[in-house]
1. Among B:THR160, B:THR165, which is within 20 Å of the chain's Cα centre (by Cα) and either under 18 Å from B:ARG105 (Cβ atoms) or not assigned by TED's automatic domain parsing to the domain that holds B:GLY233 (or both)?
2. If you scan segment A:30-46, which residues turn out to be assigned to a strand (DSSP E or B) and of a type outside the set (Asp, Glu)?
3. Would you mention how many residues in segment B:11-51 are within 17 Å of B:MET174 (Cα to Cα), of a type in the set (A, V, I, L, M) and in contact (Cβ under 8 Å) with a residue 40 or more places away in the chain?
4. Scanning segment B:111-147 for residues that are at pLDDT 90 or above and assigned to a loop (DSSP other than H, G, I, E, B), which turns out farthest from B:ARG175 (Cα to Cα)?
5. So which of A:GLY39, A:GLY21, A:GLY70 ends up being away from every other protein chain (no Cβ under 14 Å) and on the phi > 0 side of the Ramachandran plot?
6. Only one of these is in a helix (DSSP H, G or I), under 30 Å from A:ASN38 (Cα atoms), within 13 Å of chain B (Cβ to nearest Cβ) and at pLDDT 95 or above: A:PHE101, A:PHE108. Name it.
7. Is it fair to say B:ALA30 is surrounded by 21 or more Cβ atoms within 10 Å (Cβ to Cβ), out of contact with any helix residue (DSSP H, G or I) (no Cβ under 6 Å at 6 or more places or on another chain) and either within 25 Å of B:ALA229 (Cβ to Cβ) or not basic (Lys, Arg) (or both)?
Amino acid sequence: MSKIYQAFANKKAFIPFITCGDPNLETTKACVRAMAANGASLIELGIPFSDPTAEGSVIQGANIRALSNGITTDDVFTMVEELRADVTIPMVFMTYANVIFSYGPEAFMARCKAVGIDGVILPDLPYEEREEFLDVCSANDVDLISMIAPTSENRIAMIAREAKGFIYLVSSLGVTGTRSEITTDLGAIVKVIRENTDTPIGIGFGISTPEQAKKMAGLADAAIVGSAIIKLLEKHGKDAAKPIGAYVKTMADAVKE
Amino acid sequence: MTNKNGRFGIHGGQYIPETLMNAVIELEEAYNYYKNDPDFNRELEELLNEYGGRPSRLYYAEKMTKDLGGAKIYLKREDLNHTGAHKINNVLGQALLAKKMGKTRLIAETGAGQHGVATATAAALMGMECVVYMGEEDTKRQALNVYRMRLLGSQVIPVTTGTATLKDAVSEAMREWTSRMDDTHYCLGSVMGPHPFPTIVRDFQAVISKEIKAQMLEKEGRLPDAVIACVGGGSNAIGTFYNFIEDEEVALIGCEAAGRGIDTFETAATVNTGSIGIFHGMKSYFCQDKYGQIAPVYSISAGLDYPGIGPEHAHLHDIGRAQYVPVTDDEAVEAFEYLARTEGIIPAIESAHAVAHAMKLAPTMDKDKIIVITISGRGDKDCAAIARYRGEDIHE
């Protein structure tokens, strides 16, 4: 059974995201440890990509800062290997199809397995293109996470039935970034997903406050937060681990209440 | 249930966020319906002819032919179309399709500004709202086209992310489309992006080779030996090639922007220097590093300054049906000046890349051979930049 299920076992989950190497990998490591220590159920690690088309300006900025520091996919693998000495909660990569394709899908997934990465989220790999990586993912026990969007409508059941690990439910139209209000009828989408699978559901895009996180995790199984954390990184730079740990605690506590 | 549609060999596909999937499926269904609808086709043909100025001329460049001393050279004059480039062919088709689909707003990316101007023009004609994304760097290089778009009632949004050029404008237009699909059609300007765009844009541009074929048969009673076009994403090139793909005796030659040379990093010659990757919704060739980070490409031509190439071109390259040759800034500028001086035609700097290769090729061919060069656009927009390239301080 997927290790990712641990994150959801009989409880609501909080899933923070961080872009690796922004501003450097030492900071990323400190932040990941702080997240794990403060109640994160699963961590999404972003491998930087030059042209992240699903990201809003905040996470785009993190990608560019990491790449301008010369961070490579190999550096990220090495970092995860070091983190796995003490971080035991599930961790997944969030990146773009070209990062895996250019590394060589077999080599990439084999290293994921070796260093202890449990899944990959690829916002530019819809259901129709999943065969690009599906077999190599399965062969290496890496869950290829499915995404469902407010516009998925007649596609929800088809995607849900084959979902592995957890389902990433996109809360709103548009790209990543904080929003003051989420207006999608997520309850209706969750209902259709539940009719088709037991795979847990995390809701992401636009969530930044404990109130939003509590509401989203209440509707589904988890709240996912990225941009709000990157904003803390932007503000505190190399000293971000402490404020990010405190933020994750507030969010995780709100979700688990 | 893998979607095998939209593949050209291994290239193409639909590598886009789930949020956009139903929008591209809806587009494909609408296109498949309207492309066989006689009313739609009649309306489009009337627009292309009465408004766009088609068919465009196939002009025998006699002075150039005699000067180069080899193959007979014809110019396919897409520069004479309304708005001054081939881009209008695709835009009138997509805008009409969008209107039939009930969309009221067009968004577009633009590099040199020709596609942006064409989209703004169609939006004005059809009473649609229009927003054009343009790299900030390009808004400076092509200030006149920015003004033209605003004059036509469009909003131009300068894109400051990444290299602030065409690829970033595409990324930003895709992001915008993700946030607003119900009333908005993304009028993609080249044979790239996710399926069905490479097919739709190719079909709307195929009028170029359809006309060349008929005009050539009328003038010469036979097909040309080679057709030559510049390639960025590759829309005028695929338009020039398409109806000749089955005619194996016709050489298909695409001219890539080599910038300062394919042995430098300042190049945009995707087939000559790139490798296979997945970006902007498609699998194709891209300029990238070994970790798949998209390279900051360079060319004097804002319209060819793109790190990828359309998937059908990638396939034509793979199977050896078309040839993709690099042309440097220097060669393109010389060809720009040569065509102006020799034939009294100022080509777009993009099209000058095709002229430059023909200048190398024609003298190596016998006098009974025939070359067609597609002049994809006119060069008024480039005069100030070329003058500056030659050290003259001219500003628009």
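1. Values: B:THR160 fails: within 20 Å of the chain's Cα centre (by Cα).
Just a single option satisfies the conditions, and that option is B:THR165.
2. So the first thing to find is which residues in segment A:30-46 are assigned to a strand (DSSP E or B), and the list is A:43-46.
Across segment A:30-46, the qualifying residues are A:ILE43, A:LEU45, A:GLY46.
3. The qualifying residues number 5.
4. Initially, segment B:111-147 is screened for residues at pLDDT 90 or above, giving B:113-136, B:139, B:145-147.
Narrowing the set further to residues that are assigned to a loop (DSSP other than H, G, I, E, B) leaves B:113, B:127-128.
Values: B:GLY113: 20, B:GLY127: 24, B:MET128: 20 Å.
Restricting to residues being at pLDDT 90 or above and assigned to a loop (DSSP other than H, G, I, E, B), the top hit is B:GLY127.
5. Values: A:GLY21 fails: away from every other protein chain (no Cβ under 14 Å); A:GLY70 fails: away from every other protein chain (no Cβ under 14 Å).
Just a single option satisfies the conditions, and that option is A:GLY39.
6. Values: A:PHE101 fails: under 30 Å from A:ASN38 (Cα atoms).
Within the list A:PHE101, A:PHE108, the selection yields A:PHE108.
7. Numbers: surrounded by 21 or more Cβ atoms within 10 Å (Cβ to Cβ): no; out of contact with any helix residue (DSSP H, G or I) (no Cβ under 6 Å at 6 or more places or on another chain): yes; either within 25 Å of B:ALA229 (Cβ to Cβ) or not basic (Lys, Arg) (or both): yes.
When the stated conditions are applied, B:ALA30 does not pass them.
Per-residue answers, yes or no, for (1) within 17 Å of B:TYR59 (Cβ to Cβ); (2) crowded, with 17+ Cβ neighbours inside 10 Å:
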| site | (1), (2) |
| --- | --- |
| B:ALA206 | no, yes |
| B:ALA214 | yes, no |
| B:GLY232 | no, yes |
| B:ASN243 | no, yes |
| B:GLU248 | no, no |
| B:LEU252 | no, yes |
| B:GLU256 | no, yes |
| B:GLU266 | no, no |
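The values are calculated or read from the model by the stated rules, or taken from the named source; none is laboratory data. The structure displayed is predicted, hence computed values, not measured ones. Note: ideal-geometry Cβ built from the backbone for every residue, glycine included; neighbour counts use all protein chains shown.
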